[in-house]
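The values are calculated or read from the model by the stated rules, or taken from the named source; none is laboratory data. Predicted, not measured: the structure shown is a model, and the values here were computed from it. Positions of Cβ are generated from backbone atoms using ideal geometry, with glycine treated the same way; all protein chains shown enter the neighbour counts.
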Amino acid sequence: MSSFKLSTEIRYYNQLPEFIQEFSVTKDDLIITNEVIYDNSFKLYGTDWNVLFQEAYGLGEPNDKMINKLIADAQKKKYNRIIAVGGGTVIDIGKLLSLQGVDDVLDVLYGKVPIKKGKTLIVLPTTCGTGSEVTNISILEDTTNKVKKGIVHQYLFPDFAVLVPELLKGLPFKFFAFSSVDALIHAIESYLAPKSNPMTELFGVKAMELIINTYKDVAEKGQQAAYENIGKVLLASTYAGIAFGNTGVGAVHALSYPLGGKYHVAHGEANYAFFDAVMKKYDEVNPTGKITQIKEIIAGILDLPAGGNAFAELNVLINKLVPRKPLREYGMKADDLAPFTKNAMEQERLMINNYVPFTADDVLKIYKDLY
Ligand SMILES: NC(=O)c1ccc[n+]([C@@H]2O[C@H](COP(=O)([O-])OP(=O)(O)OC[C@H]3O[C@@H](n4cnc5c(N)ncnc54)[C@H](O)[C@@H]3O)[C@@H](O)[C@H]2O)c1
Ligand SMILES: [Fe+2]
């Protein structure tokens, strides 16, 4: 069975003041963001905002401790709506804050309290990768067990996803690269997932096209080409979010979570570390299935001659933006091989979306080969 659902209303504005005016944003709304983003956005259009800076609660991607401290402070404030302005970190935290009656986010993660819709949630992405603005997923690290896990629920769909490309003009190139490669992997994993269907393919293929063409531009003209194309890549990341929000993502994400959780490797960079190896395994086990279509699509976007190796060429291109390193250079130790394999296999929510099933031996071999 396959289906297609989009629960979030999407708005697109050229400038932030248009959003502020149309949504009548005031200090009765709680803005969650990062100071660097705030200085280049809301601060330019007034000072009387009700703001919490995510980094004041902990650095890096979301974890239970950071989120619980933020929830405690948000509960002391009076506000009507939550406006999350940031990358996947800020957005995923905003989603959890919008729920009702949560004191400890681990209770939500482990199903100890029912999930209830609370505040209206408006999301403005400032990276171009996660697609979280249109998904019902929030990802966090459980710091006790040092693992990344996802919470999936209908009430985690933002009410509004607001795309404003100018918010991304200060995005450091490194985070442009990490986040856009995440979006590209969302589109590819979604296309190969069993729940993929003509609707999700439409969004996934368009996302691949916009991102790979931008990478070609960057390889040819330099980093400024990323910013010239930023509106397209922002759209692509939302498209990829729509695609994978319906199909799920698979083994690339499952294998990357232990690395991201334990060694705090940025999500997109961690995904890219496993992308090539997972595609190679897929191709080895079932070379005549849907993977042939995706190779043709990628070869077409890359203008490869007949017989060209699409995944190999794509990796050459991506490596110019996100150099891939052996896993030990991200901090991984030989002792991690077994627990990482166990942890990746336990990400059943993701592993069921694989193009071909993976055994623990397959996963261990990938970790060993990349180590
Ligand atoms: N919920 C989902 O559907 C979903 C999907 C994929 C990933 N994720 C999660 O999203 C997180 C990663 O998000 P991300 O890749 O967007 O990175 P991020 O949100 O962690 O941001 C990376 C860095 O860029 C900075 N930054 C962001 N926007 C900026 C801007 N416009 N200008 C200057 N600095 C800016 C941030 O402050 C941060 O330091 C991970 O936790 C990942 O697991 C969630
Ligand atoms: Fe992702």
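Note on segment 253-310: residues that are more than 16 Å from ligand 2 (Cβ to nearest atom) and of a type in the set (Gly, Ala, Ser) amount to 8.
Quickly run through segment 339-367 and pick out the residues that are touching a strand residue (DSSP E or B) at 6+ places or on another chain (Cβ under 8 Å) and either over 16 Å from residue 270 (Cβ atoms) or surrounded by fewer than 17 Cβ atoms within 10 Å (Cβ to Cβ) (or both). Within segment 339-367, 349 is the sole residue that qualifies. So if I check each of 166, 220, which one is within 14 Å of ligand 1 (Cβ to nearest atom), surrounded by fewer than 21 Cβ atoms within 10 Å (Cβ to Cβ), farther than 25 Å from residue 290 by Cβ and of a type in the set (Asp, Glu)? On inspection, the qualifying residue turns out to be 166.
Here is a yes/no grid of residues against (1) free of Cβ contacts under 8 Å to residues at least 60 places away in the same chain; (2) farther than 22 Å from residue 267 by Cα; (3) surrounded by 23 or more Cβ atoms within 10 Å (Cβ to Cβ):
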{"residue": "106", "(1), (2), (3)": "yes, no, no"}
{"residue": "115", "(1), (2), (3)": "yes, yes, no"}
{"residue": "124", "(1), (2), (3)": "no, no, yes"}
{"residue": "170", "(1), (2), (3)": "no, no, no"}
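Taking segment 126-149 as the range and being in a loop (DSSP other than H, G, I, E, B), crowded, with 22+ Cβ neighbours inside 10 Å, hydroxyl-bearing (Ser, Thr, Tyr) and out of contact with any strand residue (DSSP E or B) (no Cβ under 6 Å at 6 or more places or on another chain) as the test, the residues that pass are 127, 130, 135. Looking across segment 238-265 at every residue that is small (Gly, Ala, Ser) and not in a helix (DSSP H, G or I), the one that is farthest from ligand 1 (Cβ to nearest atom) is identified as 250. Considering segment 95-125, the residues that are assigned to a helix (DSSP H, G or I) and not acidic (Asp, Glu) include one that is farthest from ligand 1 (Cβ to nearest atom), namely 106.
Residues of segment 59-78 that are within 27 Å of residue 178 (Cβ to Cβ) and at pLDDT below 95: 59, 60, 61. Quick check: anything in segment 162-181 under 18 Å from the mean Cα position of the chain (by Cα), of a type outside the set (Phe, Trp, Tyr) and under 20 Å from residue 303 (Cα atoms)? Yes: segment 162-181 contains one or more residues that are under 18 Å from the mean Cα position of the chain (by Cα), of a type outside the set (Phe, Trp, Tyr) and under 20 Å from residue 303 (Cα atoms). You will find that of 124, 192, 184, 140, the residue that is more than 16 Å from ligand 2 (Cβ to nearest atom) and in contact with a helix residue (DSSP H, G or I) (Cβ under 8 Å, 6 or more places away or on another chain) is 124 and no other. Considered as a group, the residues in segment 82-104 that are over 23 Å from the mean Cα position of the chain (by Cα) and in contact (Cβ under 8 Å) with a residue 24 or more places away in the chain include one that is surrounded by the fewest Cβ atoms within 10 Å (Cβ to Cβ), and that residue is 103.
Inspection of segment 191-199 identifies at least one residue that is in a helix (DSSP H, G or I), more than 21 Å from residue 34 (Cβ to Cβ), assigned by TED's automatic domain parsing to the domain that holds residue 323 and free of Cβ contacts under 8 Å to residues at least 12 places away in the same chain. Are any of the residues in segment 211-234 outside any helix (DSSP H, G or I) and either charged (D, E, K, R) or touching a helix residue (DSSP H, G or I) at 6+ places or on another chain (Cβ under 8 Å) (or both)? Yes, segment 211-234 contains at least one residue that is outside any helix (DSSP H, G or I) and either charged (D, E, K, R) or touching a helix residue (DSSP H, G or I) at 6+ places or on another chain (Cβ under 8 Å) (or both). Candidates in segment 166-181 are the residues that are closer than 18 Å to residue 242 by Cα and not aliphatic (A, V, I, L, M); of these, the one that is farthest from ligand 2 (Cβ to nearest atom) is 180. For segment 300-322, the condition holds for at least one residue, the condition being that it is surrounded by 15 or more Cβ atoms within 10 Å (Cβ to Cβ), modelled with pLDDT under 95, assigned to a loop (DSSP other than H, G, I, E, B) and in the same structural domain as residue 205 (by TED's automatic domain parsing).
If you check 54, 15 for being polar (S, T, N, Q), within 27 Å of residue 184 (Cα to Cα), within 16 Å of ligand 1 (Cβ to nearest atom) and within 21 Å of the chain's Cα centre (by Cα), only one passes: 54.
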